[in-house]
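The values are calculated or read from the model by the stated rules, or taken from the named source; none is laboratory data. This is a predicted model, so every value here is computed, not measured. Cβ placement follows ideal geometry from the backbone for every residue including glycine, while neighbour counts extend to all protein chains displayed.
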Amino acid sequence: MAITPLEKTEVLLEAMPWLQSYRGSTVVIKYGGNAMINDALRRAFAKDIMFLHQVGLRPVVVHGGGPQITEMLDRLGLEAPFIDGYRVTTPAVMDVVRMVLTGKVQRELVGLLNVHESLAVGISGEDAALFQARKRRAPEGKDLGLVGDIVKVHPEPVLDMLDHGRIPVISSVAPDDHDPNTVLNVNADAAASALAVALKARKLVVLTDVEGLYRDINDKDSLIRYLTTSEVEAMLPTLSSGMIPKMRACVDAVRGGAQRATIIDGRIPHSMLLEIVTNEGTGTEVIPDDTAEKAIEFRAPH
């Protein structure tokens with residue numbers, strides 16, 4: 001059923017206070033899941049980013065590329081098993097990771113964003129020492145290879161791009177802080193969280209392939225709209241391996257200074273706009289502990 005002119009007006013009026021509230025604010029978006037591999041969703045995501053930029057927000061996109069990396073590894077006959085949710089990354093696998101992230105995934109998104117105006121700029125965590133990382137070891141001393149955790153962020157190159165009206169699109173790889181010639185594969189959720197803290201972002205948005213966080217994964221009516229950071233930490237041991245890094249990223253971002261962090265369903269076209277410019281929002285939002293009894297007020301534009 002077509003939307004009427006009156007309904008269009010009501011949508012715009014509802015969005016107005018949100019747009020005014022967010023104007024000039026930095027929002028870090030972790031781009032992944034179906035939104036990255038479905039053509040219609042990719043185009044919708046690019047339109048959302050451009051809309052947010054045009055109305056005065058400062059969007060920053062951090063992307064992974066797990067499915068595309070797996071596809072390329074299979075084509076090349078390279079094995080890269082997972083340990084505790086992390087891809088074991090040999091030097092040969094790392095070459096593929098860099099090639100896919102910066103040469104394919106990033107290029108495609110930058111191209112979509114620059115269809116009408118050349119505003120998006122692709123960089124990686126290697127550029128201008130944006131990220132520095134340290135090798136991670138799995139439990140029981142298992143070797144993950146060239147897998148790292150972010151230990152330092154130098155946000156100046158991203159801030160410079162934002163100040164010049166650009167849209168940064170960032171690949172989640174990083175040089176080793178002890179050996180800059182060694183590049184490490186970094187979890188994109190964690191990279192987005194660390195960058196949100198360094199940029200003092202208003203919000204971190206993490207695209208997922210689920211509606212949000214459920215109290216009972218088998219009960220779709222148990223979707224949680226708000227959680228404090230402490231409540232999330234208490235739930236972490238019960239979550240699936242795929243959800244843990246996303247929720248940990250949200251907690252770290254909010255505790256590091258981001259005002260809020262939200263996981264949203266990237267399978268829904270324009271879910272990012274639903275979250276940012278509507279009264280209801282979408283997904284599951286992580287809020288600071290001291291707003292535990294103010295969830296509704298916290299949602300209101302301010």
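Does region 136-149 include one or more residues that are more than 19 Å from residue 87 (Cα to Cα) and among the aliphatic types (A, V, I, L, M)?
Taking region 136-149 and keeping what is more than 19 Å from residue 87 (Cα to Cα), we get none.
Taking every residue of region 136-149 in turn, none turns out to be more than 19 Å from residue 87 (Cα to Cα) and among the aliphatic types (A, V, I, L, M).
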Unique residue being aliphatic (A, V, I, L, M), at negative phi and free of Cβ contacts under 8 Å to residues at least 40 places away in the same chain when the list is 55, 28, 62: 55
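Conditions tested, residue by residue: (1) surrounded by 21 or more Cβ atoms within 10 Å (Cβ to Cβ); (2) closer than 17 Å to residue 150 by Cβ; (3) in contact (Cβ under 8 Å) with a residue 24 or more places away in the chain.
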{"residue": "199", "(1), (2), (3)": "yes, yes, yes"}
{"residue": "217", "(1), (2), (3)": "no, no, no"}
{"residue": "220", "(1), (2), (3)": "no, no, no"}
{"residue": "230", "(1), (2), (3)": "no, no, yes"}
{"residue": "237", "(1), (2), (3)": "no, no, no"}
{"residue": "249", "(1), (2), (3)": "yes, yes, yes"}
{"residue": "261", "(1), (2), (3)": "yes, yes, yes"}
Just name the residue that is surrounded by the most Cβ atoms within 10 Å (Cβ to Cβ) out of those in region 70-114 that are closer than 26 Å to residue 199 by Cβ and among the β-branched types (Val, Ile, Thr). 97
Just one of the numbered conditions (1) in contact with a helix residue (DSSP H, G or I) (Cβ under 9 Å, 6 or more places away or on another chain); (2) within 21 Å of residue 78 (Cα to Cα); (3) in a strand (DSSP E or B); (4) of a type outside the set (Asp, Glu) is not true of residue 121; which one? (2)
Does residue 31 meet the test of being more than 16 Å from the chain's Cα centre (by Cα) and aromatic (Phe, Trp, Tyr)? no
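Just to be sure, is residue 216 over 14 Å from the mean Cα position of the chain (by Cα), in a helix (DSSP H, G or I) and at pLDDT below 85? Spell out the reasoning first.
Values: over 14 Å from the mean Cα position of the chain (by Cα): yes; in a helix (DSSP H, G or I): no; at pLDDT below 85: yes.
It is false that residue 216 is over 14 Å from the mean Cα position of the chain (by Cα), in a helix (DSSP H, G or I) and at pLDDT below 85.
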